[in-house]
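Have a look at the structure below, then the notes.
The values are calculated or read from the model by the stated rules, or taken from the named source; none is laboratory data. In this text the structure is predicted, and so the values were computed from the model without any measurement. Here Cβ is always computed from backbone atoms with ideal geometry, including for glycine, and neighbour counts include all displayed protein chains.
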Amino acid sequence: MPLNTSAPAQTGEYRPLIVAFCCNWCSYAGADLAGSSRLTYPADVKIIRVPCSCRVNPLFVLKAFERGADGVILCGCHPGDCHYTTGNYYTRRRMTLLFSMLDYLGIERERTRVEWVSAAEGAKFSATMNDFARTIRALGENRKLRDLRCGN
Amino acid sequence: MPETTRETVLRISGTNTRKCMLCGKCSGSCPAYDAMDYRPHQFVAMVERGEIAPLLQSKSLYACMSCFACVERCPRGVQPASLIEALRAMVLREREHTRLPAQLIPELIDAGTPQQAVVSAFRKLSK
Amino acid sequence: MQKIGVFVCWCGSNIAGTVDVGRVVEAVRQEPGVAFAADYQYMCSDSGQNLIKSAVKEHGLTGIVVCSCSPRMHEATFKKTAAAAGLNPYMVEIANIREHCSWIHKNMEEATEKAIVLARAAIAKVLKDAPLTSGTTEVTKRALVIGGGIAGIQTALDIAEAGFAVDIVEKQPTIGGRMAQLDKTFPTLDCSACILTPKMVDAGANENIELFTYSEVESVKGFVGNFTVTIRKKARSVRADLCTGCGECTEKCPSRKTKNEFNMGMDTRGAIYIPYAQAVPKIAVIDREHCLHFKTGKCGLCERTCSAKAIDFAQEDELVTRNYGAIVMATGFQMIDPSGFGEFGYGKSKDVLTSLEFERLMNAAGPTGGHLVCPSDGRHPKHIVFIQCVGSRDTSGCGKPYCSKICCMYTAKHAILVRDKYPDVSVTVFYIDVRTPGKNFDEFYRRAVEEYGVQYVKGMVGKVTREGGRLKVQGSDLLNDRQLHLEADMVVLAAAIEPDPTARSVASMLTASIDTNGFMTEAHPKLRPVESPTAGVFLSGVCQGPKDIPETVAQASACAAKVIGLLCKQKLVNNACVASSDPLLCNGCSSCEKVCPYGAITYEERELNDKGVRRTARVAVVNEAVCQGCGACTVACPSGAMDLKGFTNQQIMAEVDAICR
Amino acid sequence: MRELTNAICARAKELLQSGAAGRVLGWAPGEFFYDPTPGVFSEGRLNELVYDGFTAANLSKYCIAESQKEGKVLVLLKPCDSYSLAQLVKEHRVKRENIYALGIPCEGKLDMRKARAKGVEGALSFREEDGQVVFETLYGEVRLAREELLLERCLCCRGREYAGVDETLEYALPELPKRDRFQKVAALEEQTAQERYAFWRGELSKCIRCNACRNVCPACSCVQCVFDNPQSGVAAKANSTEFEESLFHIIRAWHVAGRCTDCGECSRVCPQSIPLHLLNRKFIKDVNELYGEYQAGADPAARPPLVNYTPEDPEPSAVLERGRA
C-alpha cells in the first residue's frame, strides 16, 4: 500500500515530501493557529512535534533526507522567546553549521531551512510552508542526499 | 553635480540619525547655539527627513566650533557634530575654489579663540 | 508484543468533512502492531472516551494513538482516559489530523492520505513509547526571601499569612529597603514611612517570619522544593537577645565621622548605630571599620554605657544552614552614580543632588529635619531645576539603555512637594518625554503643571556650572526653539536605577539567569513574570525590572501566591519527559551541562559495571526535579548517552521513517 | 634527528629518575621505518624510543587509557598534539594528574605516500640531510626535498606554541613558513555546488568504512560511538546504502565540531587518502568567521562554540546567503 507522497499523485504532478520539525511551544502552536484560521499550505508538509527546536539532532535531518525527504524545515520560537530560554540559540548555531556543511558538500542549500514562528504567527506559518513547498517543488526530487556516492 | 542626499551625509558622517530620541541635549550643550540658524538637534532631524539643501546654506556650519560637546553628551551616540562636519565637507567639495590658503587663517584668529576652535578652523577652512 | 489501538475522531464534520475517516481506519489496521482501530464522532466526549477505555480492556491494548485535534487541545484528556483504563498515560500519542490536516486541506484525497501518514508516524512513535512515571520530590515547607525591602516584606508577609514559615535575609542592619528612605509616595502623597513601617513591624512580629538582618546568602545548593542555603549572619558586636534598642550607646559613641547611609551620606552617624528610629529589628550594630575599639583597642564607651550588657566585641560571624522549598529574589535596586556625567556637575557642587538625596533632604527625619536648604551653605533655595533621564535611555555607555520608569512620577512628586511647602521656590523640570501610565498618574503630573505651576521644559540640560555661589544651568527648550541659561540654587538629577549589585552573585548561586542590564530574567516575559526560569526561584520587585511601589507590591503578592502554590504541595510531581543519561555511554565531557538552562545536570564519579568490567567514570546525572525537558543536552552529547524521555532519539527517528516511508 | 632523539631520551630519563613519571608514552619502531607506532617505555627500554620524520602519530588519545592506570606517564607531545591533550583534559577525558606532558619540537612530519608518488620504491631506510630526505632503496639512493614530502597537515602547520604542557624541550628549528590552512576550504567554497558535489562524491565514495579516521581521532573518543551503538538508529559496520558514508562523515565532523584541534590525524591514517580534514576545517572556518576565532584546546576556560551562543548570532539563512553575493 504505497502512500509515499513523494510519488506522483493522480494528476501526475510531482509531490515533494517535506518534514517540518516544530517546537511545541511556539511553532507547533503557530501551526495549530494556521489550522484554526484555515490558512492552507500544501499537504506535502508533515509536522513532527519536538519540545524545543534544540531537540532536533542533525542526525534527524540527515535521516529524513536519507529516507527520501525532499526538504526539511525547522521551526522554533523567535530568538529570545524560547520557552526554555536559550534552546533556539543553540539550534541556530547548530543548524547554521550543519546547513553550511551540507552546502559545502554540494547539496542544494534551499532544501533546508530554519524559521522562527511564534504561537501567534499562524499566517507566517502558512506563508512559510507555502513558500518552502514551492521552493522544494521547483528543486525537484532530492537525489544528492540520498545518493552521494554513486549519483546517477 | 555633487550628491546632496541624506545618504551622502550619513555615509560621510558615519552616524545614524534614527537613533535620536529628541531629547535636545545636543542643543542644550552647544556653546554656539545662539549663533546658529539651525540648531544641532535640527541638523539631526533635518538630515533624517532628507532636508539637506537648507543645511548646506546654513550659517550654523560655520558657527559650530567642533567642540564635540554634543557628541560627547548625546545619550544615544548620534554625533550631531559629525553631521555638521559632513555637511561642511559637502560644501567644500562643491565649492572647490573658495578654500582659504592655510597661511591666511592665523590672521583671522584672535588670541582669545579657544584652541579647539583654531584646530577646527584649519579643518573647516583649509580642506 | 505491543498492541496498539488507533482511535480516529471525526470531530463532527471538522475532520470527517475533509478526511475520509473510514479509510484512515482501514489503512492503520494494516500497520504492524495495530490490534484495534475505530472511528467515532467525538472521541473527546464521554462516550468517545468510554470507547477507548473498553477497547483497552477488551483488546489488552498496550498503547493508544488518537487521531484528532491538536495535542495541545486534548492530549491531557486522552492521557487521563488511558490512565483510567489502566494504561500508563505516556503510552498515548496524538496524530493531529484537524489543525494540521483537515482544516488546511480542501481535497479529500490529499487530506486523507496525509491523515494516514500522520497516524502512521504516531503509531511508529507509540511503538517506541515507554511507560513513564513522574518522579516526585518532597517540598520543604519554608521559603527564603532574599532582600528585605517592600518587595521582600510583602512577599514574606503574604507567605506567612498563608501559614508557611519564611525567612528574610537582608544585608542591611534593618529591613525596609529603599522605600524607608522615601519621603512621600506618588500619586497620593502619603508618607512613605507611615505606610511602610507598620509592615516592617508586622514582618518583625509575625511568628512565621524570621529576620536575618545584617546577613548575606553564602551558598545555595539543591533544587526546587529542596534548597539548602547557608546564610552568613555578620557579627553585629551587639547581642540581639539583650539589646533593647534604647539608643544610649549610639549617642555616646565618640566616633562620629561615618557617613550615614540612610541619609545618602548627607550627614554622619556613630560607629555604633541604629539605622533609623523605626528600624526593624531595632538593635544597634557596630560598624567595625570605623569603631575606635576595633581600630585602636581602646574606647569601649558603648560597652560601659549599655545597661543591658548587650555589647559583645568578641562576637563572630555566624553561619546558619537551612532548607527551603522556594527562594524569592527581592534584591531591589540602587541609583547609578551620576558623576560619570561630568556635565551635570554632580560631586563638584554639593547643590547638585540625586533624587534619592533630595528625598532625604525633604524628609522630616532627614539630615535637615525636613527643611529644604541648599546643602552647600544652608541657604533657602529660590529656584530648583530637575533633570530627568540622567543615565536612563542612554546607550552611550555611561548610563542604561532602558527607561527607569519611576523618575517621571517621582520628579513630578518632588516638584509638587517643593511648590506646596515653599510656594516662593520656583521649579523647572527638563524632560525628554513625560511618561505617566498608571492609575491617576497623568492627573498627578498635570496637577504639577496646572495647580502648582511647575515649569516643564521639553529639552535636556547640556551643562551645569557653578557661578557666584549659584548654579548656572544651560539647556535646550526645544518647543520654543531657544537655549535656556537659568540660574538655580539646586539641581536634582533623576538618575537611572540599576539592580542592586549583590543580585548578580546571588543569582549565579541560584543558577538563575540575568539579562544584559543585570535584571533577573523571567521564566516567560509575559506569562510567567514572577518566576525565574530556574524552578523554585521567584522574582519580586525591582530585581526583575524597574517598578514603582504599587507595581512592586502587586508583583510581591503575585510572587507570594506562586510560592504558596508551591509550598502547598505535598509532593512535587516532576515532568516525566526529562533527560536521562546512560552512564555506560557517557564520556563525562560536560557538553550537556554547559547547554542546560536549568543547571539540572551535574557530574559525579560512579562505579560502573560495563558488561562485567568494573570501572569508575565521571558521568552526567540529571536532576529530574529540575529538568524541564527541552532536549538541548541530547544534541550536545556526541555519544548519544543523553536522551529525552518521551521524545527519544529512536522515537523521533521512527516518526521520520514513518513519514518518509 | 638523532641528536634530538637523544635529548628527548635524556630528559625523559631525568624525569623518570626524579619520579615525575613512571613510564614514557612515545613512539616505538614499527614494521617498517616509516610506520613507527605509539608505545610505552620503561626506563630500561628508553633506548628503543624513536623520534624522526615519521613519528607523526598524535599520542594524546592514548593518554585517555594511560591516565587511568596506576602512576604517572610522561607523554611526548608535538605542538599540535598538545592541543588535543588539552582539549581532552578540558573534557575530563584524561586524568591530568596522571600525566606529565613534555612538549617536544617538531619541524613537520613526512608522508610516505608522497615519497612513493615520487618514485620511491623498495625503500629500506631513510635519513635526513639539510632539508633533504635520503631514502636507501633496493635500487639505490633517492634524494627528495623534505618540503615536498611533508604531510598535508604539516604544510599548514599552526605554529610551535604548546597548550598546557608541563615543560618544553628547547631545540633550534628553522623558521616556519606561514601558510593559510583554510586555503583549500576556501577554494572549494568558491566552486559551484555541482563542482563541490562532484568533488565530495568522488572522495567519499572511496570510503571503505574502516573507521581508521574515527579510531585515531583524539576528539572521537566516545566510550561507545553512535555508529557502533545499535540503539542509536545509525549504527552500521559497513556503508550499506550510498548515503551512509556521507552521513558517517558529516556526523563524525559534526560530533567533533568545536572540539577538533585540526591535528590532521584523520587524513593521515585514511587508507583511501580521503581529505577528511577538509570537513573538519570547514567547521573550524565557519566557527571562526561566524562566532569569532576559536582554537580547541587553547583555552581551558573558553566555552566551545557549539555549547555557546550570543543573542546576536547570525541566522542560518545568512550563512547560505554569504556565498551568493
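Restricting attention to the range C:194-238, and to residues there that are of a type in the set (Val, Ile, Thr) and over 24 Å from the mean Cα position of the chain (by Cα), which single residue is nearest to C:Gly176 (Cα to Cα)?
Initial filter on the range C:194-238 (of a type in the set (Val, Ile, Thr)): C:195, C:197, C:201, C:209, C:213, C:217, C:220, C:224, C:228-231, C:238.
Checking the rest, the ones that are also over 24 Å from the mean Cα position of the chain (by Cα) come to C:195, C:197, C:201, C:238.
Numbers: C:Ile195: 11, C:Thr197: 8, C:Val201: 10, C:Val238: 20 Å.
The qualifying residue nearest to C:Gly176 (Cα to Cα) is C:Thr197.
In this structure, is C:Thr197 polar (S, T, N, Q) and closer than 26 Å to C:Met409 by Cβ? So C:Thr197 fits the description; yes.
Among the residues of this structure, C:Val656 does not count as one that is within 30 Å of the chain's Cα centre (by Cα) and either away from chain A (no Cβ under 14 Å) or outside any strand (DSSP E or B) (or both).
Quick one: which residue in C:Ile52, C:Ile116, C:Ile94 is out of contact with any Cys (no Cβ under 6 Å at 6 or more places or on another chain), among the hydrophobic types (A, V, I, L, M, F, W, C), in the same structural domain as C:Gln30 (by TED's automatic domain parsing) and not in a helix (DSSP H, G or I)?
Details: C:Ile52 fails: not in a helix (DSSP H, G or I); C:Ile116 fails: not in a helix (DSSP H, G or I).
It is C:Ile94.
Of C:Lys141, C:Lys114, C:Lys125, all but one fail to be within 22 Å of the chain's Cα centre (by Cα) and over 30 Å from C:Tyr273 (Cβ atoms); the exception is C:Lys141. Among the candidates C:Val8, C:Val25, the residue that is of a type in the set (Val, Ile, Thr) and over 49 Å from the mean Cα position of the chain (by Cα) is uniquely C:Val25.
Taking (1) more than 7 Å from every other protein chain (Cβ to nearest Cβ); (2) at pLDDT below 90 in turn, D:Asn229 satisfies each apart from (1).
Scanning the range C:599-615 for residues that are assigned to a loop (DSSP other than H, G, I, E, B) and either within 11 Å of chain D (Cβ to nearest Cβ) or crowded, with 21+ Cβ neighbours inside 10 Å (or both) turns up C:Ala600, C:Lys611.
Using the structure shown, decide if C:Gly565 is in a helix (DSSP H, G or I), without any contact (Cβ under 8 Å) to a residue 40 or more places away in the chain and farther than 28 Å from C:Asp129 by Cβ. Give the steps one after another, and end with the answer.
On the way: in a helix (DSSP H, G or I): yes; without any contact (Cβ under 8 Å) to a residue 40 or more places away in the chain: yes; farther than 28 Å from C:Asp129 by Cβ: yes.
Spelling it out, C:Gly565 is indeed in a helix (DSSP H, G or I), without any contact (Cβ under 8 Å) to a residue 40 or more places away in the chain and farther than 28 Å from C:Asp129 by Cβ.
Applying the criterion of at least 2 residues that are at pLDDT 95 or above and within 14 Å of chain B (Cβ to nearest Cβ) to the strands (runs of 3 or more DSSP E) found wholly in the range C:430-532 leaves C:455-458, C:461-467, C:470-477, C:482-488, C:490-495.
Does at least one position in the range A:70-88 carry a residue that is of a type in the set (Ser, Thr, Tyr) and touching a residue at least 60 places away in the same chain (Cβ under 8 Å)? Scanning the range A:70-88, I find no residue that is of a type in the set (Ser, Thr, Tyr) and touching a residue at least 60 places away in the same chain (Cβ under 8 Å), so the answer is no. Of all residues in the range D:237-246, at least one satisfies being under 27 Å from C:Gly588 (Cα atoms) and not assigned by TED's automatic domain parsing to the domain that holds D:His92.
Against the criterion of being touching an Asp or Glu at 6+ places or on another chain (Cβ under 7 Å), more than 21 Å from C:Leu372 (Cα to Cα) and either basic (Lys, Arg) or buried (at least 20 other Cβ atoms within 10 Å of the Cβ) (or both), C:Ile432 does not qualify. Out of the residues in the range C:147-176 meeting the condition of being of a type in the set (S, T, N, Q) and assigned to a loop (DSSP other than H, G, I, E, B), tell me which one is nearest to the chain's Cα centre (by Cα). Once the filter is applied, the top-ranked residue is C:Gln172. Listed conditions (1) in a loop (DSSP other than H, G, I, E, B); (2) surrounded by 24 or more Cβ atoms within 10 Å (Cβ to Cβ); (3) touching a Leu at 6+ places or on another chain (Cβ under 7 Å) are all met by A:Leu145, apart from (3). Of all residues in the range C:616-633, those satisfying the criterion of being more than 10 Å from every other protein chain (Cβ to nearest Cβ) and either within 30 Å of D:Gln68 (Cα to Cα) or in contact with an Asp or Glu (Cβ under 9 Å, 6 or more places away or on another chain) (or both) are C:Ala620, C:Val621, C:Val622, C:Asn623.
Pairing each residue of the range D:83-107 that is away from every other protein chain (no Cβ under 14 Å) with any residue that is surrounded by fewer than 24 Cβ atoms within 10 Å (Cβ to Cβ) and part of a helix (DSSP H, G or I), provided the two are 6+ apart or on different chains, yields C-beta distances under 7 Å for D:Tyr100/D:Leu15; D:Leu102/D:Arg11; D:Gly103/D:Pro79; D:Ile104/D:Ile8; D:Pro105/D:Leu4; D:Cys106/D:Pro79.
Residues that are modelled with pLDDT of 95 or more, buried (at least 20 other Cβ atoms within 10 Å of the Cβ) and either out of contact with any Ser or Thr (no Cβ under 6 Å at 6 or more places or on another chain) or among the hydroxyl-bearing types (Ser, Thr, Tyr) (or both) are absent from the range C:314-323 altogether.
For the range A:99-114, a residue qualifies if it is facing chain D (nearest Cβ under 7 Å), part of a helix (DSSP H, G or I) and in contact with a Phe, Trp or Tyr (Cβ under 9 Å, 6 or more places away or on another chain), and the qualifying residues are A:Ser100, A:Met101, A:Tyr104, A:Arg109.
Condition first: aromatic (Phe, Trp, Tyr) and either more than 30 Å from A:Gly87 (Cβ to Cβ) or more than 22 Å from the chain's Cα centre (by Cα) (or both). Can you find one or more residues in the range C:594-611 that meet it? Yes, some residue in the range C:594-611 is aromatic (Phe, Trp, Tyr) and either more than 30 Å from A:Gly87 (Cβ to Cβ) or more than 22 Å from the chain's Cα centre (by Cα) (or both).
Given the criteria without any contact (Cβ under 8 Å) to a residue 24 or more places away in the chain, surrounded by fewer than 24 Cβ atoms within 10 Å (Cβ to Cβ) and part of a helix (DSSP H, G or I), does C:Ser396 qualify? Taking the combined requirement at face value, the residue does not satisfy it. Consider the range D:180-213 and keep the residues that are under 23 Å from D:Thr37 (Cα atoms) and free of Cβ contacts under 8 Å to residues at least 40 places away in the same chain. The one that is nearest to the other protein chains (Cβ to nearest Cβ) is D:Arg209. The single residue among A:Phe125, A:Phe60 that is within 11 Å of chain D (Cβ to nearest Cβ) and under 12 Å from the mean Cα position of the chain (by Cα) turns out to be A:Phe60.
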